[in-house]
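The values are calculated or read from the model by the stated rules, or taken from the named source; none is laboratory data. The shown structure was predicted, so the numbers you read here are calculated from the model rather than taken from an experiment. Reconstructed Cβ throughout: ideal geometry from the backbone, glycine too, with neighbour counts over all protein chains shown. What goes into the accessible areas is simple: the full protein's heavy atoms, side chains included, and nothing from ligands, DNA or RNA. Shrake-Rupley method; radii C 1.70, N 1.55, O 1.52, S 1.80 Å.
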Amino acid sequence: MNATDIRSNNDTNLFNMLLKQPDVIRVNEAIERLEKKGPSGVRRHLLATSVRLSRTMAPDVHRTCDHCIDKLGIDIPLELYVYSSPQFNAACIKPEEGRLFIMLSSSLLESFKGSELRFVMGHELGHHLYHHHDIPVGHLLRGAVRPSPRLALQLFAWSRYAEISADRAGAHCADEFFGVSRSLFRLASGLGDDVIHFDLDEFIGQVDDLTISSGEPGQGAPQEDWFSTHPFSPVRVKALKLYHDSVFVKPDGISVDELELKVQSVMGLMEPSYLEAKTESGETMRRLLFAGALAIARANEEISSAEEAVFEEFFGKGAIGDNLNFDRIMRDLPERIRLARENLSESQRMQVLRDLCLMLKADTRDDAAEREIIYDIAEALNISPLFIDAQLALSVELD
Ligand SMILES: [Zn+2]
């Protein structure tokens, strides 16, 4: 399997969308003009402030790096640097004059061994493999011209997915899930070997508690989460667990579609739910969910109390008021589907369909008319009926 295949779909989609943004184009053009004038001094700064690790000085570290370069199919000259810090940390610096730089903190080098170090090294090289430096997040967020709140949200959302892709590259190099999750645990806790006994299930359990404490459907994450560049470590471990359970690692694993959908819902813990997101895609998803849910609820003429309850879960008390112009909304449904097909990513369309399946499952009646509507919407959204089969087979509560 090629390491480019395992890149997160949402990373790729948001990346391609951001590259076309005027602010991103403007900043990239400015950086390009500067680079044409000569090296930006990155290497000089590294040589002045850290220690370059040669093959003679650090044969094991270089062997780990060679292993990752080979697994990821990377072909660029590379320099490794260590800097003094008690914090476990690493970074991949954008290439300068055709040379890539990896920085590792002294404490990380001292205590991360074997698959843990392969994971960290593979993660950093993953950022280069997936061209993540092409989105100049730092320049945009700390530049003289502040990005719009919408662009800022998109940049943070993308950078979290970029971490998910880099984690997969790291896992691909580490080849061993326990070492990978222990590495993330240690990065999050800052703890060395001998202090506590690492328990993977308990670490992942933290996400479940996070999910529970995140409250009712439609209630998104607190604002401070929206603006973090890295997913919470337990969220990263959960996303990696899903990756390890997928066809990327196991022949009988979950499909890529299901993997990306599940990762999206775990990542949703840190995002404004689309039910409240003040984004264009959030608006498109809401409008489709509203009209689609209404069409399903009214498929057999009357809306049951169970269906009304689900509707209100999504859209608030009294959402199905007397003044609701049902016929006008039904006439507008095809247009809402078209806008969704053209403007939403595959996993966003799947997320709306997943929530529409919840509406269908609201009451126990198995209604052919309701099913027909949801399969028609899925087809119009270019989503396979197999996805609907799987969703309807699941006995999930509202999340
Ligand atoms: Zn990273």
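Couple of notes before you dig in:
- Any hit, the range 151-164, residues being open to solvent by 10 Å² or more (accessible area, probe 1.4 Å), closer than 17 Å to Ser228 by Cα, β-branched (Val, Ile, Thr) and in contact with a Ser or Thr (Cβ under 6 Å, 6 or more places away or on another chain): no
- Of all residues in the range 119-163, those satisfying the criterion of being outside any helix (DSSP H, G or I) and not aliphatic (A, V, I, L, M) are Tyr130, His131, Pro136, Gly143, Arg146, Pro147, Ser148.
Here's the yes/no breakdown for (1) more than 21 Å from the chain's Cα centre (by Cα); (2) charged (D, E, K, R):
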| residue | (1), (2) |
| --- | --- |
| Ala171 | no, no |
| Gly179 | yes, no |
| Arg182 | no, yes |
| Leu187 | no, no |
| Gly192 | yes, no |
| Val195 | yes, no |
| Asp199 | yes, yes |
| Glu202 | yes, yes |
| Gly205 | no, no |
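Listed here are the residues, each with its yes/no results for (1) open to solvent by 10 Å² or more (accessible area, probe 1.4 Å); (2) within 15 Å of the ligand (Cβ to nearest atom); (3) closer than 18 Å to Thr12 by Cβ.
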position	(1), (2), (3)
Ser107	yes, no, no
Ser111	yes, no, no
Met121	no, yes, no
Leu125	no, yes, yes
Leu129	yes, yes, yes
His133	yes, yes, yes
Leu140	no, no, no
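- For Glu335, the conditions (1) at pLDDT below 90; (2) over 28 Å from Ala393 (Cβ atoms) are fulfilled apart from (1).
- Checking each residue in the range 85-109 for being without any contact (Cβ under 8 Å) to a residue 24 or more places away in the chain and either among the small types (Gly, Ala, Ser) or assigned to a strand (DSSP E or B) (or both) picks out Ser85, Gly98, Ser105, Ser107.
- Residues satisfying the stated conditions in the range 165-184, i.e. farther than 17 Å from Ile69 by Cα and either open to solvent by less than 10 Å² (accessible area, probe 1.4 Å) or within 16 Å of the ligand (Cβ to nearest atom) (or both): Gly179, Val180, Ser181, Ser183, Leu184
- Inter-residue pairs, beta-carbon under 9 Å, first closer than 12 Å to Ser181 by Cα and of a type in the set (S, T, N, Q) and in the range 110-124, second open to solvent by less than 10 Å² (accessible area, probe 1.4 Å) and more than 11 Å from the ligand (Cβ to nearest atom), 6+ apart: Ser115/Cys173; Ser115/Ala174; Ser115/Gly179; Ser115/Val180; Ser115/Ser183
- Among the residues making up the range 301-337, those that are loosely packed, with under 14 Cβ neighbours inside 10 Å and in a loop (DSSP other than H, G, I, E, B) are Glu301, Glu302, Gly316, Lys317, Gly318, Gly321, Asp322, Asn323, Leu324, Asn325.
- Within the range 1-22, residues that are modelled with pLDDT under 95 have Cβ atoms under 6 Å from residues that are surrounded by 18 or more Cβ atoms within 10 Å (Cβ to Cβ) and acidic (Asp, Glu) in these pairs: Asn9/Glu260, counting only partners at least 6 apart in sequence or on another chain.
- Positions within the range 286-318 being basic (Lys, Arg) and under 17 Å from Cys357 (Cβ atoms), in sequence order: Arg286, Arg298
- Candidate set from the range 278-296 (those that are outside any loop (DSSP other than H, G, I, E, B) and modelled with pLDDT under 85); member that is least open to solvent (accessible area, probe 1.4 Å): Gly282
- Residue ranges of helices (runs of 4 or more DSSP H) in the range 1-81 with at least 1 members in contact with a Gly (Cβ under 8 Å, 6 or more places away or on another chain) and surrounded by 12 or more Cβ atoms within 10 Å (Cβ to Cβ): 22-36, 59-72
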